[in-house]
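Single-structure report; data block below.
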Amino acid sequence: MPETTHYEFQAEVRQLLDILSHSLYTHRDVFIRELISNAADALDKVRFNSVKGEEMCDAALDFEIKIDLDEKEKTFTITDTGIGMTHQELIDNLGTIARSGTSEFVKQLAADDKNVNLIGRFGVGFYSVFMAAEKVDVTTKAAAPDEPAWIWTSDGTGTFDIAEGPKDQKRGTSIKVTLRDNADEFAQKWKVQSIIEKYSNFVPFPIKLNGEQVNKVTAIWREPKSNVSKEQYNEFYKFIAHQSDDALSWMHFSADAPIQFHSLLFVPKTNMEFFGIESPDEGINLFVRRVLIDAHDKEILPNYLRFIRGVLESDDLPLNISRETLQDNPYMIKIKNTVVGKLLSYLNDLAKKEPETFKEFWKNHGRIVKEGYNDFSNKDKVAALFHFNSSKGKDKTELVSLDAYIDRMPTDQEEIYYISGPDRKTIENNPALEIFKAKDIEVLYCYDPIDEFALPGLFNYKEKNIVSADQVDLKKLEKIPNKEADDKKSTKKTTKKDEKDLDKLARRLKDILGDKVEDVKLSDRLVNSPAVLVSQGMSSQMEKMMHIYTPDKPPKPKLMEINKTHPLILNLLTIYKKDAKDHMLETAAYNLFNSAALLDGTIVDPQLMATTIQSMISETLDLYTKETDVVEDQPSE
Ligand code: ADP
Ligand code: MG
């Protein structure tokens, strides 16, 4: 009798097993998908080692997966000729969960059993077998020469046993599932066959069910496009991306010379970066001559395209090469550049040919794509994907590309303008936009914090500088005429003498406000508002972000511009001309500053704000009561 050692599952595993075996009754069939997927992974690994020329036992065995059902005994047994597991690997792989984000996942699983579908994405696929199993026996022999075989046994209730396996055991793993009474359907051939067809049709190794091969083993990415149906594409996508939804779109592209490769890349419908962690199945499947080299290659596509799933295969890459050195292979670099260029062109075409699909793409993945602003070798193609809401859009959902923006620019407009803010309403109230409205210049509205890096990061597009509207050099706008209606308004020009007095008023306001403002100046950009705060060197939104990162550094005081034709300012001028020391000037200066700061979104000192508002109210009330006195003195009509 061989010796048996008793082990306890890690706490997280116990918790997971508890949920799997007690509360989940729907979607139980995913356990078959997971066991097949593990068998295929094990075969991929052993095939990879064999092409690298590594020594292994039972080298003559075919790479295949066998599933044997016994309806009478109620057992489901899956056997592969893959890499197998050593004693330590059994303990680590089938007793613990090492991956980050798992406990989050377990919580989600408990909350909604639909999440069982995601089980493979979180590296806990094996344990799903306990949704249907009363008892599981795993017999395994590692591929490395001279490794003994082992038998792992558990009923999924907290512990497992490992004993020595048979001496004549062949390389690979065999998992015997003794089904629970209520799960005996998984010992029926028609049932298991339909599950394999549903989930595992694209497994690249033969799957033999009770001796008969049931899957097709076709590498659809190597097929001509005309041979592949939409359904096959979607089925394949669901298989490799662990998704239950169809793909949003895909690019199937092969090249022959001077470089040879096949690629099939999918755009998922949804953003998979939930739980605030990057998606565990990120990366694409890299094949060299039918051998899977890396199931999660993250080097071929740049980080800003990390939501893409799919396959890339080339027959011209060396097989006996490690994943690491492959990335420096000059041939690989060429493939990479071609694929990324093609994919970006594909997405740009999508915008033209299928605008609705593109909109969906941009909504879900645009935030990530914008991280690509600093891919200088593909800059124009990346920037061409950028879409924004704008002052010309009728609501938040209407988007414009940089190209379309340039197309409809007035002739004398030299630059591309954008403004950032949390939402459309806040942005539209930004006084910095008044001059743009008056001149009918379109401004891109940016709601996403990444825009603050992405747009200035692009610096320019099609030789047009990209400038934040609150940073515009007003000289650039001089040549662009005002809209007709506004032209009449602005005939109300100030005289030279007025300007001099207004300048003095500005000096006085600066005196009053002191360090709160960098300076006070007469504005050329304001139409309807009396005053605006302007930051120099950095857009106002960017400044706010910097403040988040360096909260101890006080924000730089801004320039306050005042509107020289606004009645409020003209009234102040009247008071100033009568008495430059009038107390009312002080109250007004503070209120003007506070209200401009509020609109700018910069934090206003609430203490200061309250006292200035109160003194304004009391001064107004004083005036009002005096006036009413006067009225009362007059004889009534
Ligand atoms: P994942 O497959 O995402 O790693 P699983 O829970 O499905 O997570 O499997 C855990 C680990 O157990 C695998 O990574 C693998 O190392 C090991 N394993 C499972 N099944 C097999 C098998 N048939 N052959 C070899 N190793 C296996
Ligand atoms: Mg797995």
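Only the coordinates and a few stated rules stand behind these numbers; no lab work does. Since we're looking at a predicted model, the values are computed, not measured. All Cβ positions, even for glycine, are placed from backbone atoms using ideal geometry, and neighbour counts span all protein chains on display.
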Worksheet item: If each of Lys394 and Met616 carries a label point 7 Å out from its Cα toward its Cβ, how far apart are those two points in nm?
Response: 3.7
Worksheet, complete the sentence: Farthest towards the positive end of the dipole of the chain, among Ala98, Tyr233, Trp152 and with Cβ unit charges of +1 on Lys and Arg and -1 on Asp and Glu, lies the Cα of Tyr233
Fill in: Student exercise, the range 399-480 dipole from Lys, Arg, Asp, Glu Cβ charges, in Debye to nearest 20
140
Worksheet item: For the charge dipole of the chain, defined by +1 on Lys and Arg C-beta atoms and -1 on Asp and Glu C-beta atoms about the Cα centroid, which residue among Ile419, Ile207, Leu61 has the Cα displaced farthest towards the positive pole?
Response: Ile419
Practice prompt. Taking the Cα centre of the chain as origin, work out the dipole magnitude from +1 charges on Lys and Arg Cβ and -1 charges on Asp and Glu Cβ, in debye rounded to 20.
Written response: 1880
Fill in: Qualifying aspartates and glutamates (Cα of each under 13 Å from Cα of Lys189; at least 8 residues distant if same chain)
Asp68, Asp70, Glu71, Glu197, Glu212
Worksheet, complete the sentence: With the convex hull built on the alpha-carbon atoms of the chain, volume per residue in Å³ sits at 238
Worksheet item: Among the trypsin sites (Lys or Arg not before Pro) within the range 69-162, which fall in a DSSP loop and have no more than 11 other Cβ atoms within 10 Å of their own Cβ?
Response: Lys72
Worksheet item: Which entries of Lys497/Lys521; Lys496/Lys581; Lys425/Lys479 show an alpha-carbon separation above 20 angstrom in the structure shown?
Response: Lys496/Lys581; Lys425/Lys479
Item to complete: State to the nearest 20 debye the size of the charge dipole of the range 492-629 about its Cα centre, where the only charges are +1 on K and R beta carbons and -1 on D and E beta carbons.
Response: 600
Response to the item:
In the range 1-135, taking the dipole from +1 charges on Lys and Arg beta carbons and -1 charges on Asp and Glu beta carbons about the Cα centre, the listed residue (Val46, Ala111, Thr81) farthest towards the positive end is Ala111
Item to complete: Could you rank the peptides 210-223, 242-255, 613-626 by their average count of other C-beta atoms within 10 Å per residue, with the highest value first?
Response: 242-255, 210-223, 613-626
Discussion item. Over the range 5-213, what is the relative contact order in percent, taking alpha-carbon pairs closer than 8 angstrom and at least six residues apart?
Written reply: 33
Discussion item. Roughly how far apart, in whole Å, are the Cα centres of the range 500-575 and the range 341-381?
Written reply: 39
Worksheet item: Counting each DSSP H run of 4 or more residues in the chain as -39500 (n - 2.57), what helix-only mean residue ellipticity at 222 nm follows after dividing by all residues, to the nearest 500 deg cm²/dmol?
Response: -11500 deg cm²/dmol
